[in-house]
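Inspection log for the structure reproduced underneath, given as structure tokens.
The values are calculated or read from the model by the stated rules, or taken from the named source; none is laboratory data. No experiment lies behind these values; they were computed from the predicted model shown. Note that each Cβ is placed from the backbone with ideal geometry, even for glycine, and that neighbours are counted across all protein chains shown. SASA here: full protein model, heavy atoms, side chains in, ligands and nucleic acids out. Shrake-Rupley method; radii C 1.70, N 1.55, O 1.52, S 1.80 Å.
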Amino acid sequence: MASDLLSPAEIPTVGDLYRQKRLQHYHSQVEPSKTLNGIISFIRNDITKLKVDCIVNAANSSLLGGGGVDGAIHRAAGESLLAECAALDGCDPGDAKITSAYELPCKKVIHTVGPIYMHEDSPDQTLRSCYRRSLEVAVENSMKSIAFAAISTGVYRYPSDEAAEIASEETRKFLDMPVNNGKLERVIFCNFVEKDMESYEWKIPQFFPPTPEELGQTNGTST
Ligand code: ADP
């Protein structure tokens, strides 16, 4: 039987999607980057099937497991994950903590706690912090590839479009920092439902616009 696991090499990048004319784009104020478009992907898949260095779990502040993607990750990882999480003493909203991945195909799990949309005064600041801290923790632990679940867009009810914009913008900011150059080879936004896919299709090109070469317009001089 063919493996149902997906490795980064099997997942098209944003640059691939532009070249294959599978991703629309509109005006963007942001500078196109061939390098960054070769790092970013968004797909619709079960995150527990990704053979990346680390996946990012939408956990709750107890870190003791829950429903949604958290439940799926704990089921696939096995009971040892819960035991390691129990020793971490929880996690604040906007922060991120890393554990082993046990029976999952990835190497590590980063657990971040997103905002409950209706419960916070500034849920956007907390969600930004989730993406920033997860990326920082990944780099601190020498991870080269990272896949994010769509944090807070399930039971926590963060609107998908706003969440996809925050995820894209914070990732762009992080990757643009000179200190982070060359650290992450792949950043994959892993969606489970169609509404989140549609949001990424709309928001990604605003923060990762195509280079002229990716549009087939020139032989390209951009970085
Ligand atoms: P939150 O409480 O942060 O909203 P949820 O787990 O309810 O967390 O939802 C977060 C996102 O995870 C949702 O977009 C949901 O569709 C998605 N999701 C659920 N199961 C999986 C899975 N196995 N793989 C990837 N994403 C998943």
Only Cα pairs under 8 Å and at least 6 apart count here; give the relative contact order of the chain as a rounded whole percent. 29 percent
If I compute solvent accessible area with a 1.4 Å probe over the protein chains, what percent of it on the chain is carbon and sulfur? 50 percent
Give me the number: length gained by fully extending Arg157 to Leu64, i.e. 0.36 nm times residue separation minus the C-alpha to C-alpha distance, one decimal in nm. 31.5 nm
Whole-angstrom Cα spans of the chain along principal axes, big to small: 54, 48, 34
GNM top mover of Ile39, Ile73, Ile55 - the chain, alpha-carbon springs below 10 Å: Ile39
For segment 1-159, dividing by residue count, accessible area per residue (probe 1.4 Å) in Å² works out to 49 Å²
Just to confirm a number: summing +1 for Lys and Arg and -1 for Asp and Glu over residues other than Tyr156 whose beta-carbon lies under 12 angstrom from that of Tyr156, what do you get? -1
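Calculate, for Ala83 and Asn141, the FRET efficiency according to 1/(1 + (r/R0)^6) with r their C-beta to C-beta distance and R0 25 Å; round to the nearest 0.05.
0.80
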Skipping prolines and chain starts, which residues have an amide H placed within reach, meaning under 5 Å, of the one on Asn57, given they are 5 or more residues away or on another chain? Ile110, His111, Thr112
Please check the chain for the longest run free of GluC sites (Glu not before Pro) that are loop-located per DSSP (anything but H, G, I, E, B) and have at most 14 other Cβ atoms within 10 Å. 1-102
Which parts of segment 159-194 would a label at Gln24 reach, counting a residue when its backbone N lies under 16 Å from a point 7 Å out along Cα-to-Cβ? 161
Roll a 1.4 Å probe over the protein heavy atoms and report the accessible area of Lys34 in Å², nearest 10. 90 Å²
Simple label model, 7 Å out from Cα along Cβ direction - Lys107 to Met177, nm: 2.1 nm
